[in-house]
1. About its Cα centre, how strong a charge dipole does segment 89-152 have in debye, to the nearest 20, once Lys and Arg get +1 and Asp and Glu get -1 at the Cβ?
2. Using the alpha-carbon centroid of each, what span in Å lies between segment 317-390 and segment 148-192?
3. What pairs in K180/K315; K159/K213; K145/K411; K327/K370; K360/K411; K213/K288 have C-alpha atoms more than 30 Å from each other?
4. Which aspartates and glutamates, on any chain, are close to K312 with Cα under 16 Å apart, when same-chain ones fewer than 8 places away are left out?
5. Which of the peptides 148-159, 259-270, 383-394 is most tightly packed, and how do the rest follow, judged by the mean count of other Cβ atoms within 10 Å per residue?
6. So how far apart, in nm, are the two label points at D204 and E329 if each is 7 Å from Cα heading toward Cβ?
Amino acid sequence: MQVHYPTALPQQRHSPLEYHEPPQHRSLSSSLILFRVSVGVTLDSMDQIYSQGSGSTRNIKSFNYKSCNKIVNNIVNNTVADDKPQVLQWLSPLEPQKRHQHLCNNRYDGMGEWIFERDEFVKWRTEEDGSHPVIFCEGDPGVGKTYLSSLVIDHLHDKAVRGRRNIKVIGLYCDYLDRKEQTTPNLLGALLKQLVGKGDIPEDIHQAFEAAKEHLGGVGPRLSQLRQMLKTAIASREQVFICVDALDEATPEYRLDLLDALREISRESPSVRIFLTGRPFVRSEVEKYFPGVQVISVSPTTDNIKRYLTMKLDKDTEPDAMDDRLKEEILRIIPETISEIFLLVSLSIETILGETTISKRRKKLHEMTKRQNVGDVYTATLERIKAQKGSKSRLAMDALMWISHSERPLKPEELCEALGVELETDDLDIDNVPSIRTIVACSLGLVTIDSSSSRGAFTNSFLRPADNPLPRLRIMSLGNTCQEGNHRKHNTPCTEAPR
């Protein structure tokens, strides 16, 4: 940021930034005070300037307007740079880049590349007249829409880098478990963070941040502010691609506000392209805000299924329980019978590879491929969990309960401590807290840890409290545990669990 000095100061007969013989040397100090007030730098910074110009006559002679200008610019620029993390956090606490990194790390080669050959996608990406600015990819739970979104983001970014054009790709991953944090202001703020995060913070954003600090002791950006700042930031780019995954997982009111904001941006910025994914039930909402939207149905291809199965077989931790004949059967039978839902394929191969002999694996292959829906396969996985020896079954079921009914994403340490709480005890026994590795192992693939954001999450994102097959018989138990921990924390008696 360049500092512009008041025009009156340089035009004075004796500029405070020029050398003068003593006793005018004393006027340098008073002029620096005036200069500090004019440009808003700190007293310590002015002392630094003064010390550089008050040593010897030779040093003072070299302390001219140009050198001071450079020093002050550095001071102010450093101050603004120091504010940058606070400004970005003020825009939004969301960090979609962490979710994206996790998806990239778990995406196998060739997954979803079919979309790049679709005419709708090619026209959407390349046409300059903006006649097809929006694509909506719809699909049932577990077909791979989120991985497809991550692939599209990387594909567009690579194209922009190779073309060396002023193009920016920004994205969001809506998450049912994070719905309270994913408000419309936070979602738009996350997009804006990605646009301005690499360079200097634009002046309009920095001014809004400074003004917000003074208002009621500090407030977040208003939705109207974010919409305007986002449009301004987009206008500085040759083209911007906006990708939003899992619209169906956003809270309905926030989803509609987000679609309205995206529609306004699209109308005012013809170069903007928008890529959306979601379940079929949000299609009508998307079409309401974007008439003529290009709709692509998402479902796994046979080739993608075989690629995925091959990857899982190559990473088999029990190679002695596999032979070429069984491999051939897996690669043939699974794509033929359960290829419509990618998640179903994933659960099936995890279950098969969980067996310890070739015979048991072959038997499980035929059992799993007879089940034609996710609920059946999921129920089969729960049966395997319950069949575990000792307390492993109870630990896994409790973990699934906590994750599926939490009001926000649980961190691994939070889940571990919750599972370590015993009712009717006064203190948390640290030796009773299970490790996250044990929890994941006992859950047989239904729980994974998002390593990029240190967040515990369902592998199966569609398993929400409203539609997952987990029994609700132990919800009261969870309430008792929560209340027990809360009363222990505040040293108050525990009565009954919340209803």
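Rule-based calculations on the coordinates, nothing more; no lab input. These figures come from a predicted structure and were not determined experimentally. Glycine also receives a Cβ, built like all others from the backbone with ideal geometry; neighbour counts cover every protein chain displayed.
1. Dipole of segment 89-152, to the nearest 20 debye: 380 debye.
2. 35 Å
3. K180/K315; K159/K213; K360/K411; K213/K288
4. Answer for K312, where 16 Å is the Cα cut-off: D109, D303, D320, D323, D324, E328, E329, E350, E355, listed by chain and number.
5. 148-159, 259-270, 383-394
6. Once both label points are built, they end up 6.5 nm from each other.
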